[in-house]
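Please treat every number below as a calculation from the coordinates, not as lab data. Every value quoted in this text rests on a predicted model; they were computed, and no experiment measured them. Glycine gets a Cβ as well: all are built from the backbone with ideal geometry, and neighbour counts include every protein chain shown.
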Amino acid sequence: MPQLWAGMDAGKAEHHCVLLGADGTRELSQRVVNDENALLKLISDVLELSVGEPVTWAIDLNAGGAALMIALLTDHGQKVLYIPGRTVHHASGSYRGDGKTDAKDAFVIADQARMRCDLQPVHRGDDIAVDAVSHLASPAPGCGLLLDLVDRAEVRDAAAAWTGRVNSVIARTDRVDVDALLIRPDGCVAWALPTGQDLDATTLVRALGTWFGQPA
């Protein structure tokens with residue numbers, strides 16, 4: 001089978017994927033929940049359909065609800081293109097039928113990726129990585145995340161008293177300006193440790209106390 005194009009209409013809780021062949025034939029149309037296991041199954045199904053031929057994925061978000069999908073695709077060595085939502089909206093007018101639906105948008109995304117050569121690739125950047133790790137590592141609403149980006153045990157030790165309210169995770173990133181980040185439940189950064197700087201535990205403890213209460 002020749003190259004396939006997979007269009008992802010991304011949402012916060014669910015995505016819709018449409019897979020097109022080189023001639024625009026629809027090979028798959030599937031709604032999938034924004035869950036690691038479900039997304040891995042989708043990736044596996046698409047790669048099985050490709051029979052070893054390359055697959056180009058295109059998605060209409062490059063962060064937020066799409067972050068987990070992008071992280072999983074890049075982990076699997078897949079090529080991912082970004083097509084802005086406004087581009088999808090304008091292009092949809094030239095496609096017949098269905099009005100505005102997730103399935104139609106996913107089809108448009110796949111078809112635009114198939115025909116265009118000006119779409120930019122998506123890389124697993126800083127915001128995407130943080131969002132994806134938050135999604136994977138936080139077991140419950142309201143839980144924070146301490147990202148240790150260079151394996152500094154003293155950072156994780158300083159947050160040990162908040163275990164259960166803050167998850168400590170050793171992660172990788174392309175960023176070179178920080179060694180660690182404390183992420184609030186809303187995804188914002190509450191504290192950062194600049195690269196190579198000695199840990200002032202009082203600043204981290206203050207941020208932990210402010211956002212996650214007194215230590216156990």
Fill in the blank from the handout: Treating only Lys and Arg (+1) and Asp and Glu (-1) as charged, each at its beta carbon, one finds that the chain has a dipole about its Cα centre, in Debye to the nearest 20, of 440
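How much length would be gained if the chain were fully extended between Asp200 and Arg31, taking 0.36 nm per residue of separation minus their Cα-Cα distance, in nm to one decimal? Intermediate values should be presented prior to the final figure.
Working: separation 169, 0.36 × 169 = 60.84 nm, distance 4.69 nm.
Full extension of this stretch gives 56.1 nm more.
What FRET efficiency would be calculated for the residue pair Arg86, Glu48, taking the C-beta separation as r and a Förster radius of 22 Å, to the nearest 0.05?
Details: r = 33 Å, r/R0 = 1.51.
So, using R0 = 22 Å, E works out to roughly 0.10.
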Handout entry: log₁₀ of I(q)/I(0) at q = 0.09 Å⁻¹ - the chain, Debye sum with one point per alpha carbon
Key = -0.43
Problem - Selection from Gln197, Ala58, Val108, by position along the positive dipole direction of the chain (Cβ) - result: Val108
